[in-house]
Amino acid sequence: MIKNVVFDVGNVLVRWAPLEIARLTFGDVEDLEQRARAVFQSETWLELNKGHLSEQQAKQRYQDTIGLSELECEKLFYYVKQTQLLIYGSVDLLKRIKQAGYHVYALTDNVHEIVAYLKKTYDFWPLFEGATVSAELGLLKPQPEIYQSLLSTNKLKAEETVFLDDMPYNVEGAQKEGMAAIQFKDVHQCEQELKAMGLEF
């Protein structure tokens with residue numbers, strides 16, 4: 001019997017598009033994918049997501065480690081935020097689930113400054129009864145401890161909880177902790193799978 005629905009944020013509620021961010025930052029360069037990897041698969045980005053670096057410190061680290069200019073760093077973090085557009089129908093889905101009496105939460109690998117931007121720009125964050133954010137815990141999905149923190153902090157039972165995430169390994173991480181989980185592809189698919197589990201909204 002599902003009582004709680006937990007939303008990932010990137011590519012579930014808002015777009016997260018590293019290649020597009022890299023293109024907007026660096027232009028149509030030949031090594032675009034390589035540059036995107038250098039930024040978003042780096043130790044710097046991991047540390048930022050874990051809350052061990054501020055955005056300002058990350059900008060300096062990118063200048064020191066991969067030779068980005070100050071301007072490129074400013075553009076990078078501008079586009080990191082500006083490209084986070086709402087995914088069509090997702091907030092409506094969140095609202096309908098909440099209005100039907102289910103408890104809604106967030107579990108996201110996310111950066112302090114991005115969360116602040118999302119809270120300022122959109123109205124969905126106050127809908128969550130609780131939000132587990134990687135940067136506040138120093139943990140990332142699919143580490144077991146981040147799911148355990150979500151459950152214990154919000155006093156949730158794993159078997160009463162379903163987690164929605166776009167990445168298969170994060171879905172598996174939730175399932176290993178006893179939760180139901182759905183790999184989010186789009187709102188229609190996610191809604192059908194939730195209803196197939198017995199949720200009514």
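Structure summary
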item	result
GNM top mover of Gly130, Gly51, Gly101 - the chain, alpha-carbon springs below 10 Å	Gly101
For the chain, the Rg and Dmax computed from alpha carbons only, in angstrom	17.4, 53
Debye intensity ratio in log₁₀ form over the Cα atoms of region 18-83, taken at each q of 0.18, 0.27, 0.29 Å⁻¹	-0.59, -1.37, -1.53
Whichever lysines have a C-alpha closer than 16 Å to that of Lys59, once near sequence neighbours (fewer than 8 apart) are set aside	Lys50, Lys75, Lys81
Of His188, His112, His103, the one that fluctuates the most in a GNM where the chain has Cα springs shorter than 10 Å	His188
Cut-off under 5 Å, modelled amide H: who pairs with Leu68 long-range	Gln63
Cβ-derived FRET efficiency at R0 22 Å, Glu160 paired with Gln99, nearest 0.05	0.70
Those lysines that a straight Cα-Cα span of less than 26 Å connects to Lys98, excepting residues fewer than 8 apart in one chain	Lys3, Lys119, Lys120, Lys141, Lys155, Lys157, Lys176, Lys185, Lys195
Per-residue HN-Hα couplings for region 53-69 [Karplus 6.51, -1.76, 1.60; θ = phi - 60°; Hz; x = Gly/Pro]	10, 8, 4, 4, 5, 5, 4, 5, 5, 5, 5, 6, 9, 10, x, 5, 7
Average accessible surface area per residue within region 1-115, 1.4 Å rolling probe, Å²	49
FRET E, pair Lys195, Gln41, Förster distance 41 Å, beta-carbon r, rounded to 0.05	0.70
Accessible carbon and sulfur surface of the chain relative to its total accessible area, %, 1.4 Å	49
Relative contact order of the chain, pairs being alpha-carbon contacts under 8 Å that are 6 or more residues apart, as %	28
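The values are calculated or read from the model by the stated rules, or taken from the named source; none is laboratory data. Keep in mind that what you see is a predicted model, and the values were worked out from it rather than measured. Using ideal geometry, Cβ is built from the backbone for each residue, glycine included, and neighbour counts are taken over all protein chains shown. Ligands, DNA and RNA are excluded from the accessible area calculation, which covers all protein heavy atoms including side chains. Shrake-Rupley method; radii C 1.70, N 1.55, O 1.52, S 1.80 Å.
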